[in-house]
1. Please work out which residue is nearest to the ligand (Cβ to nearest atom), limiting yourself to the stretch 248-269 and to residues that are surrounded by 16 or more Cβ atoms within 10 Å (Cβ to Cβ) and not in a loop (DSSP other than H, G, I, E, B).
2. Show the residue pairs meeting these rules: Cβ distance below 9 Å; 6+ apart or different chains; first residue within the stretch 237-260 and touching a residue at least 12 places away in the same chain (Cβ under 8 Å) and more than 30 Å from P186 (Cα to Cα); second residue within 7 Å of the ligand (Cβ to nearest atom) and charged (D, E, K, R).
3. Can you name the number of the only condition in (1) at pLDDT below 95; (2) of a type in the set (D, E, K, R); (3) within 29 Å of the chain's Cα centre (by Cα) that R38 fails?
4. Considering only the stretch 121-156, how many residues are surrounded by fewer than 18 Cβ atoms within 10 Å (Cβ to Cβ) and either small (G, A, S) or under 30 Å from E337 (Cα atoms) (or both)?
5. Mind checking which helices (runs of 4 or more DSSP H) fall wholly inside the stretch 70-158 and carry at least 2 residues that are near the ligand (Cβ under 9 Å from one of its atoms)?
6. What is the residue count in the stretch 288-335 for residues that are assigned to a helix (DSSP H, G or I), of a type in the set (D, E, K, R) and under 18 Å from the mean Cα position of the chain (by Cα)?
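The values are calculated or read from the model by the stated rules, or taken from the named source; none is laboratory data. A quick note: this is a predicted structure, and the numbers were derived from the prediction, not measured. As a convention, Cβ positions derive from the backbone with ideal geometry for all residues, glycine included, and neighbour counts pool all protein chains shown.
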Amino acid sequence: MSFITDFDAISAESKYVNILLWIIFGFGVLKLTTLTLRSLALLADLFILPAVNYSKYGAKRDNYCVVTGASDGIGKEYAIQMAERGFNLILISRTLSKLETMKEELVKKYSIEVVILAADISKDSDDNYKQIREVCENLPITVLINNVGQSHSIPVPFLETEENELRNIITINNTATLLITQIIAPLIVKTVRNSKQRGLILTMGSFGGLIPTPLLATYSGSKAFLQQWSTSLAGELKGDNVDVELVLSYLVTSSMSKIRKTSMLIPNPKRFVESTLKNVGRRCGAQERFATMTPYWSHALYHFIIEETVGVYSTIVNCINYSFHKSIRVRALKKAERLAKQQ
Ligand SMILES: NC(=O)c1ccc[n+]([C@@H]2O[C@H](COP(=O)([O-])OP(=O)(O)OC[C@H]3O[C@@H](n4cnc5c(N)ncnc54)[C@H](OP(=O)(O)O)[C@@H]3O)[C@@H](O)[C@H]2O)c1
């Protein structure tokens, strides 16, 4: 009698073990399948699919592309490469002389219309937004590139961040980006309505926003904000035929990054923008995110590997990021000390 009871208990137990093993097996198959599909999509996006054709965004049909932070670095390249694709340009940035030189060169080289607007966006003044509205309201705009951004001058503990720097980062990266989009997006919707064209809004995110970044906490938070905002907006504007994409980037040589030498992981703005514009609408390294792209190939692989292994919010990634930025801070402080002694 007791033997039968034991046997029943064992067989019931092994039934549960079997179910558990099947669940683990099924979960493993699901994980492996999604990983395989994501890897294939990543490789196709980066290395196989042809470049996006900008005629769907109204290229070569007298339409305008607005670029913020257009006078240097990545923004300047966006302007040049959109001109190459046959867009007229509205360039918004801080330094008038740089904008004037750009206008002259672009008009001469590409025979396009270029409107320039110099404004210090960190001021967040009504005048700035009024000027932008006045310049843009009667032009057929199909593309907005929210590129302007500011980071910390050097990595700094949050508790030591100067109020002015903190306010500028939030104003430029967030408030101004939102308010400029509120002005331009309705104009894009108006231009593409009842036409076969689509609109496009690109916003520059950053690995600083993808991965929580100690010692760049305010910048990191401001770029993470853009991820949520831009992806939400993508859902809202889908029905209006406007594609909204957040563009994620690791380091690129520029005056903001203070890096001059390119490497496998650090392209120059030209190569970074080439990959971005070639791949608009494809996730590349951001396979797990809607309306988000990590377009440069080495950034894409880096993003993909972190997401598929430890994850962006893991302790290990946070510790490595902290050490990395701490060493940059130490070097930057030493350099500042050296320069101060020379003066
Ligand atoms: N470089 C990187 O490693 C990197 C990595 C990830 C993401 N990003 C993002 O990419 C975007 C562009 O960065 P970047 O490296 O090309 O920067 P950058 O070389 O420093 O150029 C910034 C541009 O924005 C303009 N600008 C700055 N402050 C302004 C203000 N207060 N008012 C109006 N215009 C202003 C600058 O105008 P002036 O020429 O007049 O100064 C310049 O045209 C930013 O959103 C940044 O966060 C950059």
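1. Restricting to residues being surrounded by 16 or more Cβ atoms within 10 Å (Cβ to Cβ) and not in a loop (DSSP other than H, G, I, E, B), the top hit is S254.
2. Every condition considered, the pairs that remain are S254/D72; S255/D72; M256/D72.
3. Going through (1) at pLDDT below 95; (2) of a type in the set (D, E, K, R); (3) within 29 Å of the chain's Cα centre (by Cα) one by one, R38 breaks only (1).
4. 3
5. 73-84, 96-110
6. Initial filter on the stretch 288-335 (assigned to a helix (DSSP H, G or I)): 297-308, 315-335.
Next cut, of a type in the set (D, E, K, R) only: 307-308, 326, 329, 331, 334-335.
Checking which are under 18 Å from the mean Cα position of the chain (by Cα) leaves us with 307.
Adding up the residues that qualify gives 1.
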